[in-house]
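Peer 1: This is the structure I want to talk about, given as structure tokens.
The values are calculated or read from the model by the stated rules, or taken from the named source; none is laboratory data. Just so it is clear, the structure is predicted and the values come from calculations on it, not from any experiment. Glycine gets a Cβ as well: all are built from the backbone with ideal geometry, and neighbour counts include every protein chain shown. Protein only, heavy atoms only, side chains kept; ligands, DNA and RNA dropped before computing areas. Shrake-Rupley method; radii C 1.70, N 1.55, O 1.52, S 1.80 Å.
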Amino acid sequence: MGRIVDPLSFFTSYLGVNPSVGCPNSCGYCMLEKDTPNPGVVRNVATPRMTLDLLLNDEKVTSTSPLAFYNLSDPFLRDNVSDLLHILEGLEKAGRQNIVALITKLNPKRTSPEKEVLGRIAALKSIKPVILVSYANLPREIEPVSKKARIELMESAKGLGIPVVHYARPLYHGWTPHEKVIEMAKETANVVDSVVIGGIKLQKDIRNRLSKTGAEMPSYSDDEGRRIEINYRNSVVDAFEKVNKDLGVFYNTSCGISNALKIPHYMGFQWNFALNNKSGYCKKPCQDEQRDRCKFAEPPIKSYEERQDETPEYREIRRTEERKVQVFLKRFGLGRTMYVIKHGYVNLFADINTHERRRMMQHIGMFVRTKYQLRNMKKVEQIF
């Protein structure tokens, strides 16, 4: 069983900021057991002052790093709200420009001792908050949190101008059958900025907990990841698009956040998706305006080939772009590693761990391929 000691930890789509861990919501599919002991009890890891100091001074964080607060708890728990606001307003005062993801099942109007929580979040102009409301229209024995309060939260946040993502996870046809999907789409499709869908990730402890609820158990094995059957997945997308044809429905959290903020994908995934499609651009489930944002986005680090006859001016531009990559390689002890900057991604001829790769992509906004991935690539022009 894992032990959380560092309040800063890199997850797939963001740097998780967890001054406390644990959540008493008692959802049957909760994954916290793999990350923290006694997951149903909120336990403080760091004070808000210490957390803010880390965010402003730790080398793992830049002024634009995507952050998710209390993703190993719930940001709108009574225990967390006051500390959350202290940290967010501290980042705002420091002029930071971070994307801030708040993944929640709770409406602060009902849970918080603080007044005007959403109003204070809406007042943040430098940092970029996005509220991701977790709601998959599940039976109460699996997810006992108020459905009505979450829909009210979506409506209230949207009314205040806070970008809202409907986080429709975990979806499984035995828990959210087609009629429940249609009901859910009608409830939320016109009050959110985007939707992120996904399946359930199983493991022994989760299966044991779910079996006690009497809920139908998915038939696939624990090593199949966050699975969602393709026909069911497509029916979910169709249900939302029938209610709101302009709504973006996504499979990746970072795609949904980017769409809600109306920016190109902030980790450069679209360039990787494009390489895997004959059209030459990303064809993942998306939304027309968002697809254009990503298709025509300029990479944050430009590719310049080394030339024998290059001018001093050209050489300095090329080296400036290369230094943006080198600064992270040096931090990982890979300062001598060979790499190639391509349009929208970096090919790195070394094997780095998942934590380092996530960190690098989140900081530079480019997709990073490592030596392990490059071994399987067939087109030489995509490597060099």
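Peer 1: Could you tell me how many of the residues in the stretch 67-108 are over 29 Å from SER26 (Cβ atoms), open to solvent by less than 30 Å² (accessible area, probe 1.4 Å) and of a type outside the set (A, V, I, L, M, F, W, C)? Explain how you work it out, then say what you get.
Peer 2: Within the stretch 67-108, the first condition is being over 29 Å from SER26 (Cβ atoms), and the residues that meet it are 89-99.
Keeping just the survivors that are open to solvent by less than 30 Å² (accessible area, probe 1.4 Å) gives 90-91, 98-99.
This time we only want the ones that are of a type outside the set (A, V, I, L, M, F, W, C), so: 90, 98.
Selection size over the stretch 67-108: 2.
Peer 1: Moving to a separate point now. Within the stretch 175-225, track down each residue that is more than 26 Å from GLN287 (Cβ to Cβ), open to solvent by less than 50 Å² (accessible area, probe 1.4 Å) and part of a helix (DSSP H, G or I).
Peer 2: ILE206, LEU210, THR213
Peer 1: Among the residues of the stretch 123-144 satisfying the criterion of being surrounded by fewer than 20 Cβ atoms within 10 Å (Cβ to Cβ) and touching an Asp or Glu at 6+ places or on another chain (Cβ under 9 Å), which is farthest from THR253 (Cα to Cα)?
Peer 2: ALA123
Peer 1: Answer yes or no as to whether LYS93 is of a type in the set (Lys, Arg) and within 30 Å of GLU216 (Cα to Cα). Let's see the steps before the verdict.
Peer 2: Numbers: of a type in the set (Lys, Arg): yes; within 30 Å of GLU216 (Cα to Cα): no.
No: the conditions fail for LYS93.
Peer 1: ASN259 - would you say it is polar (S, T, N, Q) and over 18 Å from the mean Cα position of the chain (by Cα)?
Peer 2: Against the criterion (polar (S, T, N, Q) and over 18 Å from the mean Cα position of the chain (by Cα)), ASN259 does not qualify.
Peer 1: Filter the stretch 329-380 for residues that are more than 24 Å from the chain's Cα centre (by Cα), closer than 18 Å to LYS302 by Cβ and free of Cβ contacts under 8 Å to residues at least 24 places away in the same chain and give the result.
Peer 2: TYR339
Peer 1: Let me ask something additional. From the list GLY333, GLY365, which residue is closer than 23 Å to SER65 by Cβ, surrounded by 17 or more Cβ atoms within 10 Å (Cβ to Cβ) and small (Gly, Ala, Ser)?
Peer 2: The unique qualifying residue is GLY365.
Peer 1: Looking only at the stretch 67-109, how many residues end up being among the aromatic types (Phe, Trp, Tyr) and part of a helix (DSSP H, G or I)?
Peer 2: Qualifying residue count for the region: 0.
Peer 1: Now a separate question. All but one of (1) within 23 Å of the chain's Cα centre (by Cα); (2) on the phi < 0 side of the Ramachandran plot; (3) open to solvent by less than 30 Å² (accessible area, probe 1.4 Å) hold for GLY268; state the number of the condition that does not hold.
Peer 2: Result: GLY268 passes all but (2).
Peer 1: Show the residue pairs that are 6+ apart or on different chains and have beta-carbon atoms under 8 Å apart, the first residue being within the stretch 43-65 and under 18 Å from LEU84 (Cβ atoms) and open to solvent by less than 70 Å² (accessible area, probe 1.4 Å), the second being among the β-branched types (Val, Ile, Thr) and in a loop (DSSP other than H, G, I, E, B).
Peer 2: Short answer, once both residue conditions are applied: VAL45/ILE4; VAL45/VAL5; LEU54/VAL61; LEU55/VAL61.
Peer 1: Would it be correct to say that GLN326 is in contact (Cβ under 8 Å) with a residue 24 or more places away in the chain and not basic (Lys, Arg)?
Peer 2: It is false that GLN326 is in contact (Cβ under 8 Å) with a residue 24 or more places away in the chain and not basic (Lys, Arg).
Peer 1: Another one. Scanning for something buried (at least 22 other Cβ atoms within 10 Å of the Cβ), outside any loop (DSSP other than H, G, I, E, B) and under 23 Å from the mean Cα position of the chain (by Cα), does the stretch 110-120 turn up at least one residue?
Peer 2: No, the stretch 110-120 contains no residue that is buried (at least 22 other Cβ atoms within 10 Å of the Cβ), outside any loop (DSSP other than H, G, I, E, B) and under 23 Å from the mean Cα position of the chain (by Cα).
Peer 1: Do you know which residues across the stretch 297-323 are within 20 Å of MET361 (Cα to Cα), touching a residue at least 12 places away in the same chain (Cβ under 8 Å) and either open to solvent by 50 Å² or more (accessible area, probe 1.4 Å) or among the β-branched types (Val, Ile, Thr) (or both)?
Peer 2: Within the stretch 297-323, PRO300, ILE301, LYS302, SER303, TYR304 qualify.
Peer 1: Another question about this same structure. Condition first: closer than 23 Å to MET31 by Cα and either open to solvent by 70 Å² or more (accessible area, probe 1.4 Å) or touching a Phe, Trp or Tyr at 6+ places or on another chain (Cβ under 7 Å) (or both). Now tell me which residues in the stretch 157-166 satisfy that.
Peer 2: HIS166
Peer 1: Taking PRO170, is it part of a loop (DSSP other than H, G, I, E, B) and at negative phi?
Peer 2: Against the criterion (part of a loop (DSSP other than H, G, I, E, B) and at negative phi), PRO170 qualifies.
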